[in-house]
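In what follows, a structure is listed as C-alpha cells, so that the remarks can point back to it.
The values are calculated or read from the model by the stated rules, or taken from the named source; none is laboratory data. Just so you know, these numbers come straight off a predicted model, no measurement behind them. We place every Cβ from the backbone using ideal geometry, glycine too, and count neighbours over all the protein chains shown.
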Amino acid sequence: MAGKKIDDRFNFEGDQQKLTGILLAAVLLIIFICFFNPITIVGVGERGVKVTLGKVSPHSYMEGIHFVTPFISHIKNMNVKTQKSFYETPVYTKDIQQAKISYVLNFNLQPENAHKMYREVGTNYTETILLPVVEGTIKDVIGKWNAQDLVANREKAANEILIKLQNHLAPKYINVTDFQMTAIAYSGVFEKAIESKVTAEQEALRARNKTVQIQEEAKQKLISAEAEAKSMSIRANALTKNKALVEYEAVQKWDGKLPEYMMGNTIPFLNLSNKKK
C-alpha cells in the first residue's frame, strides 16, 4: 500500500513537471514572437515584398499571414489600391498664356509588379516617377492649344493626357485609370480680355443677323413688287384685248350710282343691252 502511494506521488510530480514544461515553452514562444516577430500580415489591398539579407524576392506576396526568419528577412507592404489624388500645376498655352491646371488623378500600383517597383524605386514612387511624368505630359498637351480654344476643348485635351499617361506609366508599373481637369485658371487680365472678346463677337453676330434680316425683307419686298408689276402688266394687256373684261372690271368697282352731269342728265355707265345685227 505504501508503495502505491509513492508511485502516485511520483506520477503527480511528473505531470506537474510536464505541465510546467508546456507552460514554459508557451511563454518562450510568446516571448520569441513578441521580440523577434517571425510572422507578418499582408493586408487587404496590399502586396508584400520580402527582403532577405538585402535581396528582394522575385515575386510579390498576396494578402494573408507569412513567416519570415528573424534578423535575416522581413516583408515590406506596398499599397496596390486605387488612389485618388488632387493636384495643381502651372502651364503655358500655345499663345504663351500662363495658366494653372487643377486636376484629379486616379492610379494604382500594379499588384503583380510591386516587388519590381520596390527593388527599382522604393516606396516613394509617387514623387519619384508618377508626378514628374504627369506634369510633363500635361505641359506637353496644353502647349498645343491656344488659351481660348483650350477652354472649349478641355475634355478633349484631358482625354489626350489620359492616353499618354497610360502609355508612359504602364511600363513603369503604374496603372492610370482616370484623369480629369477640374479647373483652368488664367490671369485676371486675360480672363477680362476673353470676356470682352466674347462680348464683341456676340455683338458682331447680332449685327450680322440684323443685316441678313434686312436683306431678306428687302428681297421679299422686291419679289412682291416684281410679282405685282407682272400681274398688272398681264391684266392691262388682257383689258386692252378684251372689251367685255373692261366692263367686268368696272362692275367689280361700281358702287351702284350712275355718274351725274351739271345738267342733271345721266349717261349710260354700261352697255347693258346686246345689240343684234
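GLN98 meets all of the listed conditions (1) out of contact with any helix residue (DSSP H, G or I) (no Cβ under 7 Å at 6 or more places or on another chain); (2) touching a residue at least 24 places away in the same chain (Cβ under 8 Å); (3) surrounded by 14 or more Cβ atoms within 10 Å (Cβ to Cβ) but one, namely (3).
Residues of the range 40-58 that are of a type in the set (Lys, Arg) and either more than 17 Å from ILE174 (Cα to Cα) or in a loop (DSSP other than H, G, I, E, B) (or both): LYS50, LYS55. Working carefully through the options ASP140, ASP178, find the one that is of a type in the set (D, E, K, R), at pLDDT 95 or above and part of a strand (DSSP E or B). Going through ASP140, ASP178 in turn, just one is of a type in the set (D, E, K, R), at pLDDT 95 or above and part of a strand (DSSP E or B): ASP178.
For the range 85-140, filtering for residues that are under 15 Å from HIS168 (Cβ atoms) and under 19 Å from the mean Cα position of the chain (by Cα) leaves 8. When ILE39, ILE31, ILE65 are checked against the criterion of being modelled with pLDDT under 65 and either assigned by TED's automatic domain parsing to the domain that holds ARG119 or aliphatic (A, V, I, L, M) (or both), a single residue qualifies: ILE31.
Applying the selection to the range 59-84, what residues are closer than 24 Å to VAL176 by Cα, free of Cβ contacts under 8 Å to residues at least 24 places away in the same chain and not in a loop (DSSP other than H, G, I, E, B)?
Quick first cut of the range 59-84, residues closer than 24 Å to VAL176 by Cα only: 59-63, 76-84.
In the following step, the residues that additionally are free of Cβ contacts under 8 Å to residues at least 24 places away in the same chain were identified as 61-63, 84.
The answer is TYR61, LYS84.
Answer with yes or no whether GLY54 is surrounded by fewer than 10 Cβ atoms within 10 Å (Cβ to Cβ), at pLDDT 60 or above and not hydrophobic (A, V, I, L, M, F, W, C). So GLY54 passes the test.
Just one of the listed residues (VAL133, VAL104) is part of a helix (DSSP H, G or I) and among the aliphatic types (A, V, I, L, M), namely VAL133.
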